[in-house]
Each structure stands twice: as structure tokens, then as C-alpha cells.
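Here the structure is laid out as C-alpha cells; the discussion comes afterwards.
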Amino acid sequence: MSRRFVLDACVLFPTVMRQMLLGAAEAGFFAPRWSERLLGEWHRAAAKHGDAVEMQAEGEIALVSARFPEARLPPAPGIEARLWLPDPADTHVLAVAVAGSCDGIVTVNAGDFPRNVLAEEGLARVDPDAFLLGFLRADPDRLRPVAERVLAEARRLSGQGWEMRGLMRKARLPRLGKALAG
């Protein structure tokens, strides 16, 4: 059985980070999980960047929902009521992870998800850069093609000659980029 991880909205909205994570999921490294509310947070974050970005996010949300139909978990208000996090607005993420019997939460917001609080629920807080780097080290032949597809798409969409290391650094995945470029 694949390990299950909730993807926080902060790792869903940056395009390259999302593409790397979902590509790793498609390659069988883990099973992604999210809630309707997390997808809504992604949509609202995109909307702040204008109508075109908002419309693109709507389409991408529909696509990832179709690609990963088992990823969407229902809200867990009963569980949420007993939980605490430094930012109460993030408690729903923890509740979904607990209700979905997940292994952890992939997020860049370390301060909002203290490891000791998550450990009490049997969960890990996972940094996306370390998460993906671990997959690359475990099976480079499976993750490297994901990165190559993401790089090709970034070049196509931007019309720029991105290099792997620079693209991953911009996507807040610097260690992964260094390992892929090396």
C-alpha cells in the first residue's frame, strides 16, 4: 500500500512544485490527499494573480481531481474540534490527515505544523524539497523523467531556456535541483 500524504495548499499552488509532487505520485512514490477546502485555498491563491491565473487554476484543479479521484478526502469537523495548531486556520489540514489515516503533511509552512503536535497524531511534517530528494535518491530512474517533463513544460510555457537547477531553485526545491543537475 502506498504511503498517503496530504498536500497543503502552499505546495499545490506553485506550479513547478505541484507538478513535481504530482508527478512523483503518478510514478508511485506516494498517494496524494487533499480536501475540497485545500483545493479552494489553491484557487483563491491563484485568483490573487489575476483572471488568467485563476482560470488556469480552475482547469488544473479539475484535471488533478480527475487524475487522482481517490485523493479528495471529506472534511473532518469532529476531529478538527479536538485538535490544536498555532494557526487555527490550518487545523482543517491536520484533521483531514488524521481522518484519512495519512502518514504526513507535505508543507513549506513548518511553523504552522509543529512536529511534536503532528507526532501526537502519528503524522510527519514533510518538506517538499526533502520529500522529493528522498525519492530521487531511492529511485532516480523513476523520478528523473518526472523532472525532465516538468522542465520541458516550463520551457514550453515560458519560452525561456530554463536549466534544471535554476527552475527547481525558483520552485523552492533547491536541493532537488542541485541533485538533478549534478
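The values are calculated or read from the model by the stated rules, or taken from the named source; none is laboratory data. Remember, predicted model here, so these are calculated numbers, not experimental data. Please note: Cβ atoms are built from the backbone with ideal geometry, for glycine as well, and neighbour counts cover all protein chains shown.
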Worksheet, complete the sentence: Picked from the stretch 66-78 (must be part of a helix (DSSP H, G or I) and modelled with pLDDT of 95 or more), the residue nearest to the chain's Cα centre (by Cα) is A71
Worksheet entry | Options W34, W42; residue that is touching a helix residue (DSSP H, G or I) at 6+ places or on another chain (Cβ under 6 Å) and part of a strand (DSSP E or B) | W34
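Tally the residues that are hydroxyl-bearing (S, T, Y) and assigned to a helix (DSSP H, G or I), restricting the search to the stretch 79-118.
Residues flagged as hydroxyl-bearing (S, T, Y) and assigned to a helix (DSSP H, G or I) within the stretch 79-118 amount to 1.
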Worksheet item: List pairs: first in the stretch 3-17 and under 13 Å from L132 (Cα atoms), second not in a strand (DSSP E or B) and not hydrophobic (A, V, I, L, M, F, W, C), Cβ under 7 Å, 6+ apart or cross-chain?
Response: F5/D103; V11/R18; V11/T107; V11/P128; M17/P128; M17/R172
Worksheet entry | Total residues in the stretch 119-136, condition within 21 Å of G28 (Cβ to Cβ) and assigned to a helix (DSSP H, G or I) | 9
Item to complete: Only residues that are among the hydrophobic types (A, V, I, L, M, F, W, C) and surrounded by fewer than 14 Cβ atoms within 10 Å (Cβ to Cβ): list them for the stretch 1-60, please.
Response: M1, A52, M55
Worksheet item: Can we say L21 is in contact with a Leu (Cβ under 9 Å, 6 or more places away or on another chain) and either within 21 Å of S158 (Cβ to Cβ) or part of a helix (DSSP H, G or I) (or both)?
Response: yes
